[in-house]
Amino acid sequence: MSVTCVFGMQWGDEGKGRIVDLLAAQSDFVVRYQGGANAGHTVIVGEEKYVLHLLPSGVIQPTTTNIIGNGVVLDPWTLMEEIDGLAGRGIELDGRLLISDRAHVVLPHHKTMDAALETLRGTDALGTTSRGIGPAYGDKFRRAGMRCADMLKPERYQELLKANIGAWNAILDKAGMPPIDAVSVVDEMRAVGERLRPYVADTTSVLLDAWKGGRAILAEGAQGFGLDVDHGSYPFVTSSTTGPAGVAAGTGLPPKALQRVVGIAKAYITRVGAGPFPTQDTGPAGTHLAEKGHEFGATTGRPRDCGWFDAILARRASFTQGCDAVALMKLDCLSGLDEIKLCTAYELDGKRVTAPPAYAGDWERCVPIYESYAGWSEDLGGARHFEDLPEAAQIYVRAVQDVMQTPIEMISVGAERERFIPVDGGIPDDVIPDSGVAGGVSA
Ligand code: IMP
């Protein structure tokens, strides 16, 4: 019985889609357990580039069954576009895609509400993806949401709309936006419900049977630990549990089913949207990373802010989520920098801080304490073994592993499937001189 979870350790956009695509080759099922169309997972196969928002990244592997779990908030129109888009490129999903009957539906007005709430927040806007995520989860948790099972029953969604439309329209009115027209929503629901009907199922039973039958299941996280609704930089977060802690709730598999947790982190860090970002680099190094890493949002197209690896965030992600291994992504994008910085602690009001502060305002005031590493100029794209990397890159990767106290078992050196270095068991101690960086929660 094998259930593996892949999740982001930073502020999203770590390259999870690429690792899920690799691991999906050995998986029977890939399941998304949280988030919605705010995600943008990119998979590159040969000359083909696929950007997935709702579909699990396993769809590119021909033999996997893909499941959208109950913890996801599902925008049915975006999903249909994705299914049609893949069909147009020769990837058929009939029989390979299942949607949980308990997943909540993102309705058109959730997106309108997302925009309205951002307008009302004014200068405190969160910088959401405008995909209706917060309002859809909001309705779920105040027990007024519509689930996929309801989407198949017109009388049920008419009732739900009638019950909720007053509250929604009051907010829209406050934001100076036109009210929701319930009749047109009902018409749209009817069409989309019929189209998606064949995919809707009790996916919890499917997953439980698969798990008991010893099939390999991969749980695919979206966003990242820094955006987790409990552990991230609240309120500058998304509205779900992004790490493996969310797998049981978002799939129906029991917590004890999870056997392996793989954290994904870029060799640097990026953030999109508002919120604390202590290690942001607004100088030439940040520009270098943005250009080399093509750091633009796969969902919104917004430019991502770039900066240095933040070990406070990554270590917290690893320790709280029980990471067995880390995949370090985009190491190749650091080539060409003279100096590479690694944040090992923060300073806040004259004190050394080694855990993220609870209050976002404090997190914003944190000044990173950096270790400095020599850069390298070589192109890393051809490296397939750890020893192929220039010594400076080896020293830096080893330092990142030390400070996270978690083995780095995969390194990506390019977007294509084959640009990848497996490191069985993590970077060994004797490969290169110890970097001397102290890890540990209270380092
Ligand atoms: P929401 O999830 O659209 O409500 O956005 C809340 C915050 O999470 C914003 O700062 C977004 O930019 C950020 N966010 C949501 N999804 C992603 C993602 O997939 N990658 C990076 N940031 C994301």
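The values are calculated or read from the model by the stated rules, or taken from the named source; none is laboratory data. Remember, predicted model here, so these are calculated numbers, not experimental data. No Cβ is skipped: glycine too gets one built from the backbone with ideal geometry, and neighbour counts run over all protein chains shown.
Table for the structure above
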quantity: Enumerated strands (runs of 3 or more DSSP E) restricted to the range 221-338, each holding at least 1 residues that are under 16 Å from the mean Cα position of the chain (by Cα) and polar (S, T, N, Q); calculated: 269-271
quantity: Residue that is in contact with a Ser or Thr (Cβ under 7 Å, 6 or more places away or on another chain) and modelled with pLDDT of 80 or more, where the choices are Val403, Val441; calculated: Val403
quantity: Residues satisfying the stated conditions in the range 371-430, i.e. within 15 Å of Lys341 (Cα to Cα) and not in a helix (DSSP H, G or I); calculated: Glu371, Ser372, Tyr373, Ala374, Gly375, Trp376
quantity: One residue from Lys49, Lys111 being of a type in the set (Lys, Arg), under 23 Å from Thr238 (Cα atoms) and either more than 14 Å from the ligand (Cβ to nearest atom) or touching a helix residue (DSSP H, G or I) at 6+ places or on another chain (Cβ under 9 Å) (or both); calculated: Lys111
quantity: Selected residue (criterion: farthest from Gly176 (Cα to Cα)) from residues of the range 89-139 that are β-branched (Val, Ile, Thr) and touching an Asp or Glu at 6+ places or on another chain (Cβ under 9 Å); calculated: Val105
quantity: Criterion violated by Gly176 - all others in (1) outside any helix (DSSP H, G or I); (2) within 16 Å of the ligand (Cβ to nearest atom) satisfied; calculated: (2)
quantity: Counted residues, the range 280-312 - those being in contact with a strand residue (DSSP E or B) (Cβ under 7 Å, 6 or more places away or on another chain) and away from the ligand (no atom under 16 Å from the Cβ); calculated: 6
quantity: Residue that is nearest to the ligand (Cβ to nearest atom), among those in the range 1-26 that are of a type in the set (Gly, Ala, Ser) and buried (at least 24 other Cβ atoms within 10 Å of the Cβ); calculated: Gly12
quantity: Selection within the range 203-250 - surrounded by fewer than 23 Cβ atoms within 10 Å (Cβ to Cβ) and touching a Lys or Arg at 6+ places or on another chain (Cβ under 8 Å); calculated: Thr204, His231
quantity: Meets criteria (in contact with a Leu (Cβ under 8 Å, 6 or more places away or on another chain), within 16 Å of the ligand (Cβ to nearest atom) and either modelled with pLDDT under 95 or not assigned by TED's automatic domain parsing to the domain that holds Gly273 (or both)) for Gly138; calculated: no
quantity: The range 27-42, residues that are within 15 Å of the ligand (Cβ to nearest atom) and crowded, with 24+ Cβ neighbours inside 10 Å; calculated: Arg32, Tyr33, Gln34, Gly35, Gly36, Ala37, Asn38, Ala39, His41
